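Taken together, the values in this text are just the output of simple stated rules run on the coordinates, not laboratory data. These numbers were taken from a predicted model, which means no experiment stands behind them. Positions of Cβ are backbone-derived with ideal geometry, glycine not excepted, and every protein chain shown enters the neighbour counts.
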Amino acid sequence: MDLSELKGPGDIKGMDLDELGALSEQIRETIIEMVSRTGGHLASSLGVVELTVALHYVFETPYDKIVWDVGHQCYPHKMLTGRYGQFASLRQYKGLGGFPKRAESPYDSFDTGHSSTSISAAVGLLEARDLKGEGYKAIAVIGDGAMTSGLAFEGLNHAGHQKKDLIVILNDNEMSISPNVGALSLYLNRILTGETFNKFRNETKKFIENIPKLGGRISQFAQRLEESVKGLILPGLLFEELGFNYVGPIDGHNIKALIETFESIKTSDRPVLIHVVTKKGKGYEFSEEDPCTYHGVGPFEVEAGFNTAKAAKDSAASLNYSDAFGLTLTELADEFPNIVAITAAMTEGTGLAPFAARHPERFYDVGIAEPHAVTFSAGMAAEGARPVVAIYSTFLQRSYDEIIHDVCLQKLPVVFAIDRGGIVGEDGPTHQGVFDLSFLRHIPGLTVMAPKDGEELKAMFRFAVTHDGPVAVRYPRGKVVEISPCTPLEMGRAETLSEGEGKGLAILAIGNMVGPSLQAAEILKAEGISPTVINMRFVKPLDKELIKQVASTHQAILTVEENILQGGFGSAVAEYLIEDGLIRDVAFGSVGIPDEYVEQGAQDILRKLYGLDAEGIHARANALLGRKPSLKS
């Protein structure tokens with residue numbers, strides 16, 4: 001059957017193993033071709049093709065629920081569930097989502113995008129199932145990297161206590177698997193999960209326990225002996241101790257072995273963990289050799305892969321903010337021996353590879369464990385280190401309590417390097433970094449800054465690592481821009497970039513919105529309005545003295561931020577104007593993200609949608625001044 005003719009998982013139920021294998025290769029080839037056009041998460045999806053086919057072959061989806069952890073690997077799942085025809089729009093504005101979305105398909109049991117949520121969600125699905133008196137299965141598919149998160153173990157702990165029939169598939173794409181060990185393991189697992197063996201084990205246990213006086217002790221000894229033997233042969237003793245029946249490791253690219261294993265545990269009435277070993281990027285030479293680079297990719301040529309020479313040239317010509325941060329911190333660490341760098345499984349993504357290479361003894365990748373990263377940094381800071389914790393904005397949300405309780409309450413000098421602040425783009429609502437200014441600015445003692453350009457980013461990190469207290473520096477995804485020479489930084493002081501002639505309008509911008517605000521000012525000047533443009537630099541502490549001066553000399557103030565408006569930078573300015581009684585004297589407006597989640601799409605499309613480009617800021621300024629805009633926006 002051609003993939004384009006497949007309407008759903010029901011169409012694969014009658015296929016034999018050869019047909020399933022051919023379908024798997026077709027899926028893999030299609031993923032490579034489609035992602036080469038749109039970009040996306042390539043290596044993860046290529047690694048789970050056979051696993052996905054086997055799951056949909058054995059289980060009755062969507063009645064049975066599959067929860068994909070993170071969701072990077074969901075492309076084969078989407079193809080098998082009737083969405084092949086939408087793949088040309090993958091991750092595009094109004095197109096097919098790059099992650100599981102309940103609103104998109106009944107086959108997507110749970111929205112994902114952040115790591116390590118699958119087990120807890122699946123436990124919840126099972127509890128709801130039993131409350132309703134239904135009988136479906138819940139399967140959580142989680143990667144070995146996601147298992148480093150405490151949330152995953154919290155879910156495992158609860159599942160083992162509940163003793164429900166949860167199925168966890170541990171997709172291990174880092175370990176190799178020996179054919180001999182794999183064959184022996186598969187043979188043992190057929191025995192250990194088979195109906196005959198389990199019936200024999202249960203009947204034997206009852207018989208032993210009924211022996212007068214000695215039965216209980218013999219039964220305990222037999223159980224300990226069984227677990228000890230399994231622990232010697234199988235690497236799953238930890239999961240057994242948590243209440244799971246461990247099965248594996250299984251070759252994750254052997255459809256026959258996967259189907260047999262899934263069939264054998266399908267009727268289990270206790271928690272089961274199946275350890276599946278896969279190769280990330282399988283079937284595409286470039287991604288097999290370098291799965292990290294091919295984890296998340298832009299469009300590329302299938303035959304050539306990424307042209308590394310061209311990529312290096314482009315990178316040198318136009319540095320992105322992550323790389324600029326990494327190079328800056330590496331240089332600062334040469335000067336300050338107490339600087340340490342910490343990240344949560346994002347060494348390359350946060351630009352810290354140069355730091356790790358030059359200062360390996362001062363670099364810590366703690367895995368997918370953002371709360372631990374923050375508290376770990378607090379411990380180091382308490383003993384004199386200067387930790388810089390580099391985490392994407394969207395993932396820093398997971399560490400909120402630790403930021404307050406372990407860092408800021410103790411006034412510890414931890415620096416938060418907040419990458420991907422603002423609109424991120426095609427990864428959609430789970431990855432847009434539009435909440436950080438709101439959830440950080442109200443924390444007592446935390447200094448919050450955002451640079452207007454690359455030179456100011458360098459200055460802010462120098463300021464941050466020498467400040468005696470916690471600091472957050474928030475910067476966007478994308479290429480570095482240079483707007484104007486960086487004047488010296490002073491705590492809580494803004495920078496006036498252009499002084500308006502008529503004192504009609506003042507634009508107060510923060511971070512990467514300074515550039516578009518200056519462009520909007522040029523449009524307004526051409527219309528006879530000469531606004532003042534201020535680079536605020538600090539969200540906290542605010543430059544209240546300058547705001548007060550502006551409010552007393554201008555007719556209107558417009559704040560501009562790439563953050564949710566509720567509780568953000570503009571909200572902070574408005575609160576001060578109200579508090580000081582200045583709001584009566586000046587018209588006030590804000591440009592930012594409204595009270596909604598930002599969907600997927602290219603950054604320029606989304607910024608235009610929310611008025612976060614020069615034309616949008618110009619239009620909002622005109623509206624605030626009561627004038628009709630002369631340009632369409």
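Taking 7 Å steps out from each Cα toward its Cβ at Tyr400 and Glu263 produces label points 4.8 nm apart. Annotation: peptides 152-158, 590-596, ranked by per-residue average of other Cβ atoms within 10 Å with the highest first, follow the order 152-158, 590-596. With viscosity 1.567 mPa s and temperature 4 °C, the Kirkwood radius over alpha carbon pairs of the range 495-624 converts through Stokes-Einstein to a diffusion coefficient of 89 µm²/s. Amide H contacts for Tyr107 (H built 1.01 Å from N in the peptide plane; partners 5 or more residues away or on another chain; cut-off under 5 Å): none found. Taking each DSSP H run with n ≥ 4 as -39500 (n - 2.57) and averaging over every residue of the chain yields -12500 deg cm²/dmol at 222 nm.
Rg and Dmax of the range 284-424, based on Cα coordinates, read 16.6, 54 Å.
Were the residues from Glu499 through Glu599 laid out at 0.36 nm apart, the gain over their Cα-Cα distance would be 32.3 nm. Annotation: extensible slack from Lys163 through Arg462 equals 102.4 nm (criterion: 0.36 nm per residue apart, minus Cα-Cα distance).
Between Met491 and Asp290, the FRET efficiency estimated from the beta carbon spacing at R0 = 56 angstrom works out to 0.80. Shown for the range 1-112 is the translational diffusion coefficient from the Stokes-Einstein equation, using the Kirkwood radius over Cα pairs, a temperature of 10 °C and a viscosity of 1.306 mPa s: 115 µm²/s. Our summary gives the chain a relative contact order of 11 percent, counting only alpha carbon pairs under 8 angstrom and 6 or more residues apart.
Within the range 441-469, find all residues whose amide N lies under 19 Å from a label point positioned 7 Å from the Cα of Lys411 along Cα-to-beta-carbon. Only 442-448, 464-469 fall inside the zone, counting backbone N under 19 Å. Between the beta carbons of Asp334 and Ile583, assuming R0 = 41 Å, the FRET efficiency works out to 0.30 to the nearest 0.05. With neighbour counts taken as other beta-carbon atoms within 10 Å, the residues Asp585, Asp64 rank, fewest first, as Asp585, Asp64.
Dipole magnitude for the chain: about 1060 debye, using +1 per Lys or Arg Cβ and -1 per Asp or Glu Cβ, origin at the Cα centre.
Each principal axis of the Cα cloud of the chain was evaluated for its coordinate range; sorted largest first, these ranges are 95, 57, 52 Å. Rounded to 0.05, the FRET efficiency of the Glu301 and Ala353 pair, given R0 = 35 Å and the Cβ-Cβ distance, is 0.90. With 0.36 nm allotted per residue and the present C-alpha distance subtracted, the Asp16-Lys132 stretch has 38.2 nm of extension available. Each of Met1 and Glu527 was given a label point 7 Å from its Cα along the Cα-to-Cβ line. The distance between the two points is 5.8 nm. Among the trypsin sites (Lys or Arg not before Pro) within the range 551-633, which fall in a DSSP loop and have no more than 14 other Cβ atoms within 10 Å of their own Cβ? When the trypsin sites (Lys or Arg not before Pro) of the range 551-633 are filtered for loop state and at most 14 Cβ neighbours within 10 Å, Arg584, Arg627, Lys632 remain.
Taking every alpha-carbon pair under 8 Å whose residues sit at least 6 apart, the range 495-624 reaches a relative contact order of 28 percent.
Against the main long axis of the alpha-carbon atoms of the chain, helix 195-209 sits at an angle near 70°.
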